[in-house]
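Structure first, then comments.
The values are calculated or read from the model by the stated rules, or taken from the named source; none is laboratory data. Only a predicted model underlies this, so the values are computations on that prediction, with no experimental measurement involved. All Cβ positions, glycine included, derive from the backbone under ideal geometry; neighbour counts span all protein chains shown. Accessible surface is based on the protein model in full, side chains and every heavy atom, while ligands, DNA and RNA are left aside. Shrake-Rupley method; radii C 1.70, N 1.55, O 1.52, S 1.80 Å.
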Amino acid sequence: MTRDPSRLDLSRLGAATRLVHGGIERSHHGETAEALFLTSGYVYDDAEQAEATFAGTVEHYQYSRFANPTVAMLEQRLCLIESAEACRTTATGMAAVNAALLAHLKTGDRVVAARALFGSCHWIVSTLLPKFGIEAEFVDGADLAQWQAALSRRADLVLLETPSNPMLELVDLPAVAELAHAAGAIVVVDNVFATPLLQQPLKLGADVVVYSCTKHIDGQGRVLGGAVLGRGKWINDVLQPFIRNTGPALSPFNAWVLLKGIETLALRVDAASRAAASIADFLAEQPGVTRVWYPTRDDHRQQALARRQMSAGGTVVTFEVAGGKTSAFQVMNRLQLIAVSNNLGDSKSLATHPATTTHMRIGEQERARLGITDGVIRLSIGLEDANDIEQDLRQALYCPAARISGLAAD
């Protein structure tokens, strides 16, 4: 007989403990690591049990597009960390965003979204939803007056990310949630940059939280995955039928990898956030760096809000170099330790040029409104020694080719 981990009241234990023990369901073999159930279907004791399973009168796994034991363990663990009643996972982060929106909305509904969204999220709101007769309106997320104006009439859903990608703009979650609820809308928050350890939107008034598990939750650049969390009734009555019938299911293998990744989430996020804060200060002192964005720095215009909503500034630093795209590319091409990639939340430090990658398709005019100039570089800080990251940035910023940007030469 093996010890039953479900006997632990994990809600009384710390976040690091929940990240390791949450959701574990051991088989009769008593395995230490979570079991990987690579199966598409399940068998029944008899035809009557199959009928009752499909009727919903007994609990039994039916098909891994609907649910899977390994996936269920991940969903339960995420609930414990997010303080959510229920969770459903998806194959990618964008599948999670898409499912959360399309499961809730219908023709004639109205969405209000913060303008500062990841490029694909922006496309869903600006291009996909209107094809279904859903009205969409963008506002500047940091401007509460614009939220008040947009939500002075009926709305059905509010979508935002805070901090935003890549300019680290914040949205006052309690204030916007109050306005949204008064207008009849649910609030969906993309919490990828903050992670569930640095910010918990459901406690700040949000109704639904979405994640790309590909980022910090995996944390090692291995697999894709997404998650949607919220109240049990909405997840089960609204989201689950959509996921069940449209099929954006997370593979059991990816769920298993994510379960192993999430065990070290607290250690990784803490280390990378501390390094990011130090590197932001370092970058602010370098010639040719015209501006640095990091939520908890004194020069971030929303620092007070960041300190109210977040327990740390996060793992991403954004900075701008003089000289536009030419200088930004020169700096990035000189990096030796930091890799050029459009991903983030990895154990390896990564550099991205948003204007030509993640936010290329939103257009030049929209990028200008968001402050994404051609000189902006987004850094996702990893687990390397912070001094080594700084030295790599120093040699890249001081490259001779960058003279045109006003950066100091070697």
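Given the Cα-Cα distance of residue 360 and residue 298 and 0.36 nm per residue of separation, how much length would full extension add, in nm?
Working it through step by step, the gained length comes to 19.3 nm.
Can you give the extra length, in nm with one decimal, that the chain gains between residue 267 and residue 244 once fully stretched, where that is 0.36 nm per residue apart less the Cα-Cα distance? The partial results should precede the final answer.
Working: separation 23, 0.36 × 23 = 8.28 nm, distance 3.44 nm.
Contour length minus the Cα-Cα distance gives 4.8 nm.
First measure r as the distance between the Cβ atoms of residue 47 and residue 127, then evaluate 1/(1 + (r/R0)^6) with R0 = 60 Å and state the FRET efficiency to the nearest 0.05.
Efficiency at R0 = 60 Å is approximately 0.80.
Kindly give Rg over Rh for the range 54-94, based on alpha-carbon atoms, with the Kirkwood expression for the hydrodynamic radius.
On the way: Rg = 11.7 Å, Rh = 11.5 Å.
Across the range 54-94, the Cα-based Rg/Rh ratio is 1.01.
Give me the percent of DSSP beta bridges within the chain that run antiparallel, rounded to the nearest 5.
55 percent
Provide the per-residue ³J(HN,Hα) series for the range 186-196, in order, calculated from phi with Karplus coefficients 6.51, -1.76, 1.60 and θ = phi - 60°, each as a whole number of Hz, with x at glycine and proline positions.
Whole-Hz 3J(HN,Hα) from phi for the range 186-196: 8, 10, 10, 10, 7, 9, 4, 5, 7, 6, x.
Quickly rank 276-284, 70-78 as a protection proxy: mean count of other C-beta atoms within 10 Å, highest first.
Result, highest mean Cβ count within 10 Å first: 70-78, 276-284.
Binning every alpha carbon pair distance of the chain at 10 Å from zero, what are the percents per bin?
Reading upward from the zero bin: 5, 22, 31, 24, 13, 5, 1, 0.
Can you give the angle from 0 to 90° between the axis of helix 69-82 and the longest principal axis of the chain, with both taken from C-alpha atoms, to the nearest 10?
Approximately 60 degrees, to the nearest 10.
What does the charge dipole of the range 243-368 about its Cα centre add up to, to the nearest 20 debye, if the Cβ of each Lys and Arg holds +1 and the Cβ of each Asp and Glu holds -1?
Numbers: 14 positive and 10 negative charges, 54 e Å.
With Lys and Arg at +1 and Asp and Glu at -1, about 260 debye.
Grab the Cα-Cα distance for residue 38 and residue 106, subtract it from 0.36 nm times how many residues apart they are, and report the gain in nm with one decimal.
21.0 nm
Calculate the translational D of the range 96-253 in whole µm² s⁻¹ from Stokes-Einstein, where the hydrodynamic radius comes from the Kirkwood formula applied to all Cα pairs, the temperature is 37 °C and the viscosity 0.692 mPa s.
In µm²/s, the coefficient rounds to 208.
Once every Cα of the range 262-410 carries one equal point scatterer and solvent is ignored, give the base-10 log of I(q)/I(0) from the Debye formula at q = 0.21 Å⁻¹, two decimals.
Cα-only, vacuum Debye calculation for the range 262-410: -1.40.
Can you give me the convex hull volume of the Cα atoms of the range 1-114, divided per residue and expressed in Å³?
Numbers: hull volume 20.3 nm³, N = 114.
Dividing the Cα hull volume of the range 1-114 by its residue count gives 178 Å³.
Could you give each residue of the range 218-233 its phi-based ³J(HN,Hα) in whole Hz, using Karplus coefficients 6.51, -1.76, 1.60 with θ = phi - 60°, and x for Gly or Pro?
6, x, 9, x, 9, 9, 9, x, x, 8, 10, 10, x, 6, x, 5
Compute the long axis of helix 386-397 from its Cα atoms, compare it with the longest principal axis of the Cα atoms of the chain, and write down the angle in degrees, 0 to 90, nearest 10.
50 degrees
Between helix 252-262 and the chain, what is the angle of the helix's C-alpha long axis to the longest principal axis, kept within 0 to 90° and rounded to the nearest 10?
60 degrees
In nm, give the distance between the simple-model label positions of residue 325 and residue 237, each being 7 Å from the Cα along the Cα-to-Cβ direction.
In this crude spin-label approximation the distance works out to 5.0 nm.
Near the amide H of residue 185, under 5 Å away, which other amide H atoms are found, from residues 5 or more places off or on another chain, if H is placed in the peptide plane?
When sequence neighbours closer than 5 places are left aside, the close amide H contacts are 155.
Round to the nearest 0.05 the FRET efficiency obtained for residue 385 and residue 307 when R0 = 25 Å and r is the Cβ-Cβ distance.
It comes out at approximately 0.40.
Please find the FRET efficiency linking residue 291 to residue 260, where r is the Cβ-Cβ separation and R0 is fixed at 45 Å, and quote it to the nearest 0.05.
0.75
Principal axis extents for the range 144-228, Cα atoms only, whole Å, descending order, please.
Extents along the principal axes: 44, 23, 18 Å.
With the cut-off at 1.5 for a/c, could you classify the range 93-134 from its C-alpha gyration tensor as rounded, prolate or oblate?
Oblate.
In nm, to one decimal, how far is the residue 55 label point from the residue 339 one, both placed 7 Å along Cα→Cβ?
Between residue 55 and residue 339, the simple spin-label model gives 5.3 nm.
With +1 assigned to the C-beta of every Lys and Arg and -1 to the C-beta of every Asp and Glu, and no other charges, what is the dipole magnitude of the range 65-177 about the Cα centre in debye, to the nearest 20? Kindly include the intermediate steps, with their values, before the conclusion.
Numbers: 9 positive and 12 negative charges, 93 e Å.
Here the size comes out at about 440 debye.
Counting only the backbone N, which residues of the range 181-200 are under 17 Å from the spot 7 Å out from the Cα of residue 15 toward its beta-carbon?
The answer is 190-200, whose backbone nitrogens lie closer than 17 Å to the label point.
Sequence-distant or interchain residues sharing an amide H contact under 5 Å with residue 347, placed H: which?
220, 221
Can you sort 353, 60 by solvent-accessible area, 1.4 Å probe, largest first?
Result of the area sort, largest leading: 60, 353.
Can you tell me the dipole magnitude for the range 16-107 around its Cα centre, using point charges on the Cβ only (Lys, Arg +1; Asp, Glu -1), in Debye to the nearest 20?
For this selection, approximately 520 debye.
Can you give me the long-range amide H partners of residue 293? Hydrogens built in the peptide plane at 1.01 Å from N, cutoff under 5 Å, separation of 5 or more residues or another chain.
Excluding prolines and chain starts, which carry no amide H, the hits are 318, 319.
Counting only pairs 8 or more residues apart or on different chains, how many lysine pairs in the chain have their Cα atoms under 19 Å apart?
So the count works out to 6.
When the Cα atoms of the range 197-291 are enclosed in a convex hull and the volume is divided per residue, what value in Å³ results?
Roughly 152 Å³ of hull volume per residue.
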